[in-house]
Amino acid sequence: MKRIVFILLAAPLFLSACASSELKMSLGNMRLINSSAESQQVMDFANKICKDDFYIGASFISKAGKDYRFKCVKAEENELLIPIPGLKPSNSK
């Protein structure tokens, strides 16, 4: 009985660990990310990718299936960072 309870409680943890995000294409300041993760995890991944390339963050453009398109924004472009619809913009720098 204890094993069944453990498996039922642990199953969501294993399923969430299976989600993946990968950078499929990078062209100029545009990024194409393929992901099976939740929207917030994809947004965090996109921001990390853009910040690693010396941009201030990622601005959401579109989603088609598991493919997300983002534009990396520079500080001098004076452009708002647009999150994935339904998510709150992050204030982290």
Quick test of your reading of the structure: Ile84 fulfils all but one of (1) exposed (fewer than 14 other Cβ atoms within 10 Å of the Cβ); (2) closer than 21 Å to Cys18 by Cβ; (3) at pLDDT below 95. Name the failing condition by number.
(1)
Tally up the residues in segment 30-65 that are open to solvent by 70 Å² or more (accessible area, probe 1.4 Å) and within 11 Å of the chain's Cα centre (by Cα), please.
5
Among the residues of segment 27-71, what is the count of those that are of a type outside the set (A, V, I, L, M, F, W, C) and either in a helix (DSSP H, G or I) or free of Cβ contacts under 8 Å to residues at least 12 places away in the same chain (or both)?
11
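The values are calculated or read from the model by the stated rules, or taken from the named source; none is laboratory data. These figures come from a predicted structure and were not determined experimentally. Cβ coordinates were reconstructed from backbone atoms using ideal geometry, including for glycine residues, and neighbour counts include every protein chain displayed. The accessibility values were calculated without ligands, DNA or RNA, using every heavy atom of the protein model including side chains. Shrake-Rupley method; radii C 1.70, N 1.55, O 1.52, S 1.80 Å.
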